[in-house]
Amino acid sequence: MACGRRSGDSKRQVILFILCVCLCQSAAETLRYSLPEEMEKDSFVANIAKDLGVPLSQLAARKARVVSEG
């Protein structure tokens with residue numbers, strides 16, 4: 001009887017773990033912008049806050065990062 005109960009508990013834990021992983025990955029969002037090499041220095045590229053749909057004040061609160069590849 002105790003063995004059947006443990007099996008149900010571990011199934012529930014696995015389902016909860018999978019649900020948490022799915023929710024964490026769906027909350028993350030990646031935007032990619034490409035820039036031509038000939039673009040002038042200090043040119044406007046994009047409004048990241050507007051593209052993400054969040055107020056500018058929340059970018060710092062959510063610890064948003066801009067990563068340059070290359």
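Give the lysines reachable from residue 50 as a straight Cα distance under 19 Å; neighbours fewer than 8 places away on the same chain don't count.
Partners found: 63.
Cα atoms only, segment 8-62: Rg and Dmax in Å?
Radius of gyration, then largest Cα-Cα span, for segment 8-62: 18.9, 62 Å.
Bear in mind these aren't lab numbers, they're just calculated from the coordinates by the rules spelled out. All of these numbers come straight from a predicted model, not from anything done at the bench.
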